[in-house]
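The values are calculated or read from the model by the stated rules, or taken from the named source; none is laboratory data. Computed from a prediction, not measured in an experiment: that's the story for all the values here. Cβ coordinates were reconstructed from backbone atoms using ideal geometry, including for glycine residues, and neighbour counts include every protein chain displayed. What goes into the accessible areas is simple: the full protein's heavy atoms, side chains included, and nothing from ligands, DNA or RNA. Shrake-Rupley method; radii C 1.70, N 1.55, O 1.52, S 1.80 Å.
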Amino acid sequence: MTKPNILILMVDQLNGTLFPDGPADWLHAPNLKALAAKSLRFANSYTGSPLCAPGRASFMSGQLPSRTRVYDNAAEFTSDIPCFTHHLRRAGYECTLSGKMHFVGPDQMHGFENRLTTDIYPADFGWTPDYRKPGERIDWWYHNLGSVTGAGVAEITNQMEYDDDVAHQTIQKLYDLSRGADSRPWCLTASFTHPHDPYVARRKYWDLYNDCAHLDAPPEVAAADQDPHSQRLIDACDTAKFDITPEHIRRARQGYFANISYLDDKIGEILAVLEATRQEAIILFVSDHGDMLGDRGLWFKMNFFEGSARVPLMICAPGITPRREDTPVSTIDVTPTLCDLAGIDMTEVSPWTDGESLLPLANGVERTSPVAMEYAAEGSITPLVCLRYCKWKYIRCLADPDLLFDLEADPQERHNAASDPAHSGTLQTLRAKSEARWDLHAYDRQVRESQARRWVVYEALRQGGYYPWDYQPLQKASERYMRNHMDLNVLEENKRFPRGE
């Protein structure tokens, strides 16, 4: 049986509520809408952790942060954790990454055979939070609302420069794969940093949303009604130092929507080359986490509310009927799903993942297991955990009162049903499920020990010679274009696709 090629299109901080069944009708995203029409669309997909590095480590491994030990954006992702790339390479795949994956530590590959770009974020321990100093704000790297007040138009930014290159390198790799020099099946991941803040977009995309009806954020939650973790996030983002006006909110949301359209163009370019080179591949589209976009007075991520924790997930593959699927699922399900699609023996995969293959669900088999999430990074003072079970979302933290939301009756999560006697049975059931899954006291100890170790190591490594772990893309200049150890006739023929037409 021929193993299928796999193309993963990953974006950063894309709010899943904007993808209720593929892109919302009002989004200018023709390429993603066309892909959605051919895909199984998961309307209720959630991140393993609502932050970049922990969410991506969970996506890569199919394990939650308590198992990967990637608790925050500066926690090492160790080399001994099997990822979908390792499983695929064992099965004969060539695996390539173009773009971001926010690996922290000296292993900057994690099963990828090739990386075409460096990462956009640092690979060292410099962004380590410190639970020993609750309430401390580390100003030089914590989020602040300057991304909101600074929203607007620019033709080039740090992030645009990065994503332009991610798309270019992906396209060049697709052309290279089409030439057939390597007969192995391939898994190519193109991972963009948009629409992650700052909310700055090119004019051509910005103007698409000048008359958009979705620029106003939902009503804020009164300060007295904010749960303790949300209050901590508001402080962590230095909100008191910014006078956020309705116009700031409108411009920030316009920039965010505009960058979805920017990504749509980049993805369209990649898919056009896939088609032009006559290559077939399973296509998976996903984000690492979402963005609150001003809902509840919150921005960015770092919490379990829908805007932050829910992400788009679509799979286009032979044998999978395009349709909407409402069952809650997780990005940790991607690793076992890709392995299942590749025909890998799942007994070789299941010991190394907390996720479940989505193929049974795609084929109509009911799934009732809850979706689990974890968060133990900036803005928290001890780990938070969450279960999405049927229509319910339950959030637990040792420092805070329980939160319970009925997402069917209260999709904006404004009413905490944990204090409602009518739902005490549901609360007790979900609390028991949570206690069976997590020992939060042990989890807290593990996070604190990890943070303390990393502060010692980071401070030491910044003294004297500094040798960062950031990935350095290798350009094999002596193997590119025409060189004197090559036969020009053979070279020109081998580098052409299609040949002889």
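Scanning the range 97-107 for residues that are more than 12 Å from A53 (Cβ to Cβ) and open to solvent by less than 10 Å² (accessible area, probe 1.4 Å) returns L97, S98, G99.
Do you know which residues across the range 192-219 are open to solvent by less than 50 Å² (accessible area, probe 1.4 Å) and within 17 Å of D291 (Cα to Cα)? Residues satisfying the conditions are F192, T193, H194, P195, H196, D197, Y199, V200, A201, L215, A217, P218.
Tell me yes or no: at least one residue of the range 286-294 is outside any strand (DSSP E or B) and among the β-branched types (V, I, T). Checking the range 286-294: not a single residue is outside any strand (DSSP E or B) and among the β-branched types (V, I, T).
Considering the range 17-55 alone, what residues qualify as being assigned to a loop (DSSP other than H, G, I, E, B), under 15 Å from the mean Cα position of the chain (by Cα) and not aliphatic (A, V, I, L, M)? Across the range 17-55, the qualifying residues are F19, T47, G48, S49, P50.
I need a count of the residues in the range 480-500 that are farther than 25 Å from A276 by Cα and assigned to a helix (DSSP H, G or I). Final tally of qualifying residues: 1. Within the range 183-219, the set of residues being under 21 Å from L145 (Cα atoms) and either of a type in the set (F, W, Y) or not in a loop (DSSP other than H, G, I, E, B) (or both) comprises T193, H194, P195, Y199, V200, A201, W206. What number goes with the only condition from (1) at pLDDT 95 or above; (2) not in a strand (DSSP E or B) that T368 does not pass? The failed condition is (1). Restricting to the range 476-489, count the residues that are open to solvent by less than 100 Å² (accessible area, probe 1.4 Å) and closer than 30 Å to D124 by Cα. Summing the residues that are open to solvent by less than 100 Å² (accessible area, probe 1.4 Å) and closer than 30 Å to D124 by Cα in the range 476-489 gives 1. Would you mind stating whether S79 is open to solvent by 30 Å² or more (accessible area, probe 1.4 Å), out of contact with any strand residue (DSSP E or B) (no Cβ under 7 Å at 6 or more places or on another chain) and either within 22 Å of A377 (Cβ to Cβ) or part of a loop (DSSP other than H, G, I, E, B) (or both)? Here the answer is yes, as S79 does meet what is asked. Screening Q463, Q446, Q451 for residues that are of a type in the set (S, T, N, Q), more than 16 Å from V104 (Cα to Cα) and in contact with a Lys or Arg (Cβ under 9 Å, 6 or more places away or on another chain) leaves exactly one candidate, Q446. From the list R137, R67, the lone residue that is in a helix (DSSP H, G or I), in contact (Cβ under 8 Å) with a residue 24 or more places away in the chain, open to solvent by 10 Å² or more (accessible area, probe 1.4 Å) and of a type in the set (D, E, K, R) is R67.
This table checks each residue for (1) closer than 20 Å to F192 by Cβ; (2) touching a Cys at 6+ places or on another chain (Cβ under 6 Å); (3) of a type in the set (A, V, I, L, M).
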{"site": "L293", "(1), (2), (3)": "yes, no, yes"}
{"site": "F300", "(1), (2), (3)": "yes, no, no"}
{"site": "M314", "(1), (2), (3)": "yes, no, yes"}
{"site": "G319", "(1), (2), (3)": "no, no, no"}
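From G255, G268, grab the single residue that is at negative phi, in contact (Cβ under 8 Å) with a residue 60 or more places away in the chain, assigned to a helix (DSSP H, G or I) and surrounded by fewer than 24 Cβ atoms within 10 Å (Cβ to Cβ). Answer to the check: G268. N15 satisfies every condition listed in (1) closer than 26 Å to F112 by Cβ; (2) buried (at least 24 other Cβ atoms within 10 Å of the Cβ); (3) of a type outside the set (V, I, T) except (1). With the condition kept exactly as written, say whether any residue in the range 340-351 is free of Cβ contacts under 8 Å to residues at least 24 places away in the same chain, surrounded by fewer than 19 Cβ atoms within 10 Å (Cβ to Cβ) and out of contact with any helix residue (DSSP H, G or I) (no Cβ under 9 Å at 6 or more places or on another chain). Looking through the range 340-351, at least one residue is free of Cβ contacts under 8 Å to residues at least 24 places away in the same chain, surrounded by fewer than 19 Cβ atoms within 10 Å (Cβ to Cβ) and out of contact with any helix residue (DSSP H, G or I) (no Cβ under 9 Å at 6 or more places or on another chain).
Quick one: is R437 under 16 Å from C386 (Cβ atoms), out of contact with any Ser or Thr (no Cβ under 8 Å at 6 or more places or on another chain) and open to solvent by 70 Å² or more (accessible area, probe 1.4 Å)? Yes, satisfied. The set of residues from the range 220-249 being open to solvent by 80 Å² or more (accessible area, probe 1.4 Å), assigned to a loop (DSSP other than H, G, I, E, B) and under 14 Å from F305 (Cβ atoms) comprises just one member, E220.
The condition of being open to solvent by 10 Å² or more (accessible area, probe 1.4 Å) and in a helix (DSSP H, G or I) holds for only one of P360, P336, that being P360.
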